[in-house]
Amino acid sequence: MSDQPAGDAPVRIRVQVNGPYLVSGGIPLTRRRPIISEHGEPLAWDALEDFATTPTYSLCRCGGSANKPFCDGTHATNGFDGAETAPTDPYDERQRTYVGTRVVMRDDRSICEHAGFCGNRVTNVWNMMKGSDTEDSLARAQVMRMVEQCPSGALTYRLEPDGPDVEPEWRTAVGVVEGGPLFVTGRVAVERSDGQPLETRNRTTLCRCGGSAIKPLCDGSHQTNGFTDT
């Protein structure tokens, strides 16, 4: 089970109209970065230090704060349009299923943030699932490992077509990815500014560069629009 933070306020993230993320319930805020191979391939996640926070805090969503990851009110003056267009229907209705040997991978391209854990210089999870690779236990384990590192939850896996998803054990936290999104883990509820909830999932990535076309979710725009948090 995930470690639930203590606090009187609900454990959730509420999107503010054309403004920041309001995080409540004492959710830990931590730095996270991908561990990169000598070939430039992301392999796993490294958790760095936790930020000092109060039980409720606001995180920048427009990309312009001078105090990232926290909001400093810049959204009120830089013309930020935070209109939310992320899908609110269930993952189960959007996913595409790939059946291999003793593993079933599911994929929802609409919420991919292009973190790159799903492939390497030799192959990727789709090639392994489409071929006969998963007949080999080592290849099957590689698929599972790569899927588990997907921060957006676009990729999931299960052992049987009708079985439950097998999810990695992530603590309840908001992870600040260097130069990237907020990597939210541990089934934290996310509520749009109109009060409509997004589907609560074990892994979610939220845009903090201001450029995503599927706000509040990340679509990888930070990789091309010059976003920086240094």
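Quote to one decimal, in nm, the extra length available between Glu178 and Asn124 on full extension: 0.36 nm per residue of separation minus the C-alpha distance between them.
On the way: separation 54, 0.36 × 54 = 19.44 nm, distance 2.42 nm.
Using 0.36 nm per residue and subtracting the Cα-Cα distance, I get 17.0 nm.
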Exercise for the section: State the extension gain, in nm to one decimal, for the chain segment bounded by Asp8 and Thr85, taking 0.36 nm per residue of separation less the distance between their alpha-carbons. Expected result: 24.7 nm
Exercise for the section: Quote to one decimal, in nm, the extra length available between Asp165 and Arg102 on full extension: 0.36 nm per residue of separation minus the C-alpha distance between them. Expected result: 21.4 nm
Fill in the blank from the handout: Taking Cα atoms only, helix 137-148 is inclined relative to the longest principal axis of the chain by an angle, in degrees rounded to 10, of 10 degrees
Completion exercise
In nm, the gap between the two label points placed 7 Å beyond Cα toward Cβ at Ala213 and Asn18 is 2.3 nm
Problem - Label-point separation, Ser37 to Arg109 (7 Å along Cα→Cβ), nm - result: 2.5 nm
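Taking the number of other C-beta atoms within 10 Å as the exposure measure, put Lys130, Lys68, Lys215 in order starting with the fewest.
With the sparsest Cβ surroundings first, the list reads Lys130, Lys68, Lys215.
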Handout entry: Relative exposure of Asp165, Asp46, judged by other C-beta atoms within 10 Å (fewest first)
Key = Asp46, Asp165
Completion exercise
FRET efficiency for Ala189 and Ser132 from the Cβ-Cβ distance with R0 = 41 Å, rounded to 0.05, comes out at 0.50
Problem - Fraction of alpha-carbon pairs over 20 Å apart in region 100-230 - percent - result: 48 percent
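Each value in this text was obtained by applying a stated rule to the coordinates, not by laboratory testing. This one's a predicted model, so the numbers in the text were calculated from it and none came from an experiment. Note that each Cβ is placed from the backbone with ideal geometry, even for glycine, and that neighbours are counted across all protein chains shown.
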